[in-house]
Every structure is written in structure tokens, then in C-alpha cells.
Amino acid sequence: MKKLFLLIFLIAGKINAQNKLSTENSVRQRIIKPGVKITADDIQNAFNRVIAFSDSIKNRNTHYGVQDVNTIISYNVEKYSEKLGQYVSSTGTNINAGTKFVCFAATQNDSIWVSSVTNGSAVHLARFFGANNNYIGQQDVGIDGVDLVWAERKLNIPSGTTRIVINCRSDKNVIIKRRSVGFNALASPQNYQLVNVPVVSGFYMGKTGSETKNSTRKYCLFGVNPGDRLRITSNISGDPIALVVYKDSIGNYVSHDQVGTNGVTSAFTNYETTVPSRASIAYVNGGAAADIMLIERSSNRQPTQWEGYYVLWLGTSIPEGGYYPFAAPALLGAAGINRAKGSSVVRIANSSGTITGIPYENYLYSLGHTISEKISIINNWSTIRSSLAGTTPASLSPADTSLIIGCSYQKRLLPYLDGTLPMPSLFVLDHGRNDNFGSDNDSLWTKTPISSQRLNRNTFMGATNVLIELIYRYNPRARIVIISHNTNKGSWARVVNGQRLLAEYWNLPFLDLSQKLGWSDQLAPGSQSLWASSPWSLYTFGQNTSLDMSLYRIWNPDGTHLYTSWSRQLVTNVCFEFLRGLY
């Protein structure tokens, strides 16, 4: 058979002798680099390309009693979604706006040719990984400041490879061709589109639908429809971590696909799965921060109006850990970016301008400070701390200082406005609860500030006005909404009132959660026994457990946060209904 094949090639080559130069120029594209000689492998690669692409051979082969060459050898062009703004090194993904990569499954037995363009000594054309996400090797290093054009470069795939990454410049094309022997080229693959969603770091979604904190894990979530096809590239390790978990529209568990093994990293590449019936949200788990994580979707559904939209959510610990800043946009087909921070405020001081008596975490994590103001606080912490309330740390660790600086609006908001990060389609302001300082008089919350105090960052309204003006300065057509605190009982009534006044002042859409959730201070008859059961039993300090429980406490066991699945689901649904009426 090998001799017959060689004879076919030699005869075909003779027929095309007169056109050899033009054929090689159009078909045998190869990289020319100074000081690099053409090797035997280069010649063999050229032979293979001539066989695959020479129409003259294909048109003349019947003269020699030979079937179409494509019935012997086929070169399938494979389509994979491109991840923009990153390249892959031996340790995982790296941020670089001028790069992109594709990732696909392959083994040493595959014959693969790639076309790409690389630039930079840190960027290799190809990286090879094994079944446990173990790094195996690389091929063709780039050169700093030089565009290397790799035209149909044959990959030398090492033993043990199960995943290949091809790096490329972001403005150039990547082409993947795989050789198949003995059959015609496969039909066009299913049309997959990359799902661009932010990643939730420090958590994983368990196989039964429970979210668990874990500093070495991550997941992303996005809206799906039953029957959608997903193609997933990610790494998982350990039971009960599933590759993908499905929930319905109110967060009830539906099913999962693939579960990790304890002590072993399992690398899934282009793994295909079908979204089950009743599923509305998919959670895809991943490993370390730098691990590759790609989700592609093929769907017959019409894209929603929110498809490709980003929703930036700013707020306190309630939205930070409350699930809804991710889930509500996901149900709309958008991506939620949760930049809320627990214990944070918007204002930077008491209304008098002093900081005396402010809880130290509120002060350190204030969104309203500039970066330079944060640095000044850090540098003068030894004297500042005595003015603040709470058990202040004697010193600030490097991790503390990094977090404090990261809480500034110039870190949390500005990068989404100045082009550093994608401009959000919607800005959600979910602040106010922590800004309710005991030293405030009611007028700070019940009256719109006079013009001289309009941008006074010592008050909630003034500091929020600064943020709103900043958004409009960069994007005059920005969509901004304000969400109220979830109750208007007691001192929270003035907070909800102040949030409403701000929305009216700017003519912004306003979601009054205090009127939508039904979480009142009225007691639920017969609920006294709940105090002895989890999760309420964890939060009995200062409570009269001999009495029935308030409706607010039933939904929020600690009296503040959405620590139950049912409270998070309800807020998600209310936010979903509110948001979908905005576009």
C-alpha cells in the first residue's frame, strides 16, 4: 500500500512538473527564518500539503485508475473559540491584551498542522498538557518584537498529550487542520460560540448544588436553555466538585455532569454536554486562578436582548455573598460582575468630617476614597486606628494593604470606565446599609443635599453623587440603577428614603426591595421552635428565643445576610424581574 501511494504521488508530481513552482508557492507556505535550514521534515510536510490541496492531482487521478485522493487522506479544518486577551504558558493563562489562544483535545497519534502568528519570547506557538493538567512541553518559541508567521506548521506532539493550546496575536488568524486517513472530511462541526462570563474565585459549586468556600477553586455561572449544547475546557479535582452543575430559574438543583476524583486533577478538554430539561443556570467549576477555563455554547435559541451585556454590581456584604449579582443577570443572558465588598461604605467620614467612632472596617473598605487617600491611611495607621471603633489591628499586613487599596473606587469602578476593562452595560448601586452612621441626623437621609453639599463625600448622598457623576463623565449614556436595602423598619426607613431620593434626583430606575420581599418585623405564629434548629441556632445571641421569630429573621437567620438558599433565590427572582424591564 505504501509503495502504491508513493507511485501515485510521483506520477502526480511528474504531471505537475511544469506548474511545480506556482503550486508550491500557493500551497506550501512555510516560515522562512534566517539561519534555519529546510529539513527532511519540512520536505515531508510539503509532500503532505501537496497531496491534500492539489486540485490538479484531484482532477487527473482518474487517468490512473485511482479514486479521489481525499478518500485516502483528508485534512479537516477544526473550529474552536478564541480566548482574547490571554496567552498560555507552562503555568497557565497570562493576561496580555495583544494575544489570544485556542485550546483543543489531541494525542500523539494525531497529525495536526497549525497556522498562527506569535510575538514575544514568553509566547510559544504550542503548549502541550496531559490528562491531569500536567505540563508536558512546548513548540516554537517567539521572538520579542518580531511577528513570526507560522504557516501550516506541523505539531510535534509529545507522548502523554491530551490538550493542546495554540497561542496567537489577537489581530491574526488561527487555523487548525487535522489529518484523517481512509475517509472523507468530516461534516462541519456544530457551531459553538464562546461564553464570556466573569469568574467567581474562592468557591466551587458541589455536585448537589451547594456552594462551598475554597481558596484554590473557582466557578462561573451563566444562563442556559434546555437542549443547549455546551463544550467545556476546565480542570476539576476532588469529589464533590462537578465539572458542570445545573439549576432551575430559582436556584433549585437539577443535575450535574462529571465529578472529580480526590487527590487527582482531571483535565477536561472540549467536553460536550447537553443542558437538561428544567435547567436555567449552568455552573462550570475550575481549578486555580491561572488554569484554563473555556465554555462554549451551541444553541438553536434566539439570543436575548441582554446577550453579551455586562452588569457591574457595587455594594456591601449582602450582594457580595448573596448570589443574586451573578444569578439575576445570568437568567437574562448577561454576565454579572460582582464588585461588592463586605463592611464597605460609600462615604469617607462622619458628616462633620471626623472619623471618630466609625467602625474601622467601614472606614478601611470605603468605596469613596481615592488610591492616594488609601495609601495615606495605611502610612498613618498607627495614629488613625485610635479614633476608630472596634478591635483595630495594631499593624496592617501586606494582604491588608492590598485589600484596602483595592476597595477604592479608582480600583473597583474606574477601570471599567477608562478602558482598562470592558465598559459595563449596566451599573447597579447596592450601597447604603453600612452608611447609616449613628451620628447622622435624619435630614441627611430625608432631604436632597443643597448644592454646596451635593458632592460631599462625608455623607451617603454626596459620596454616591460623586460616583454617579464619574460614571456619566466617562459614559453619558450609561444605564444606572439603585437598589434599596431589604427592609425599611426602624432606622433603616431613612436609608431606603435616602436611596429613593437619590434615584429621583437623577431619574434613575429604583428597585425598592423593602416593598417587594415581604420581610417584616411581624412575628410568624408557631415559629419559636425554629430557634433550636440550624441555621437560626447559630445566631441566637441577643435574641429572645422564647418568642416566635420575625418574618425578617426567618428569611435572614443572622438578621442581615442572605444566608439561606430561599432568601437568595427570592432576591434573585425580584432583581431578575426588575432588570429585564430596563432594555
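Read the figures in this text as sums done on the coordinates, not as results from a lab. Because the structure is a prediction, the values reported are computed rather than measured. Positions of Cβ are backbone-derived with ideal geometry, glycine not excepted, and every protein chain shown enters the neighbour counts.
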Using modelled amide H (1.01 Å from N, peptide plane; none on Pro or chain starts), what sits under 5 Å from the amide H of Gly137, excluding residues fewer than 5 places away? Phe128
How much length is gained on full extension from Leu470 to Asp442, taking 0.36 nm per residue of separation minus their Cα-Cα distance? 7.4 nm
What is the gain in length, in nm to one decimal, between Glu78 and Ala399 on full extension, counting 0.36 nm per residue of separation less the C-alpha to C-alpha distance? 111.1 nm
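Mind checking the range 382-451 for trypsin sites (Lys or Arg not before Pro) that DSSP puts in a loop (not H, G, I, E or B) and that have at most 16 other Cβ atoms within 10 Å? Write down the numbers at each step before the final one.
On the way: sites: Arg385, Lys411, Arg412, Arg433, Lys447; in loops: Lys447.
Here the sparse-neighbourhood loop sites are Lys447.
Could you calculate the contour length gain from Val146 to Asn96, that is, 0.36 nm times the residue separation minus the distance between their Cα atoms, to one decimal place in nm?
On the way: separation 50, 0.36 × 50 = 18.00 nm, distance 1.61 nm.
Using 0.36 nm per residue and subtracting the Cα-Cα distance, I get 16.4 nm.
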For Ser255, what residues show an amide H to amide H distance below 5 Å, using hydrogens built from the backbone and excluding near sequence neighbours? Tyr246
Using alpha-carbon positions, what is the distance between the centroids of the range 539-583 and the range 157-180, in Å? 49 Å
Any aspartates and glutamates whose Cα falls less than 14 Å from that of Lys154, other than same-chain ones fewer than 8 residues away, would be Asp41, Asp42, Asp110, Asp140
Subset of Lys247/Lys516; Lys172/Lys213; Lys374/Lys489 violating a 29 Å alpha-carbon distance limit: Lys172/Lys213; Lys374/Lys489
Which residues among the range 386-412 fall inside the zone where the amide N is under 20 Å from a point 7 Å beyond the Cα of Asn379, along Cα→Cβ? 386-387, 395-411
Could you tell me the center-to-center distance, by alpha carbons, between the range 212-235 and the range 286-354 in angstrom? 15 Å
Under the Karplus curve 6.51 cos²θ - 1.76 cosθ + 1.60, θ = phi - 60°, whole-Hz ³J(HN,Hα) for the range 476-490, x wherever Gly or Pro sits: x, 9, 4, 9, 10, 10, 10, 10, 7, 5, 7, 8, 10, 8, x
Would you calculate the separation in nanometres between label points at Trp506 and Val264, each defined as 7 Å from the Cα along the Cα-to-beta-carbon direction? 5.2 nm
Compute the distance in nm between two label points, each set 7 Å from the Cα along the Cα-to-Cβ direction, one at Ser277 and one at Ala493. 5.1 nm
Can you work out the Karplus-derived ³J(HN,Hα) for every residue in the range 361-372? Use 6.51 cos²θ - 1.76 cosθ + 1.60 with θ = phi - 60°, whole Hz, and x for glycine or proline. 5, 4, 5, 5, 9, 4, 6, x, 6, 7, 5, 5
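What FRET efficiency comes out for the pair Val199/Ser527, r = Cβ-Cβ distance, R0 = 35 Å, nearest 0.05? Walk me through the numbers on the way to the answer.
Working: r = 39 Å, r/R0 = 1.11.
So, using R0 = 35 Å, E works out to roughly 0.35.
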Give me the one-decimal nm value for the distance between modelled label points at Ala478 and Ile371, 7 Å along each residue's Cα-to-Cβ direction. 1.8 nm
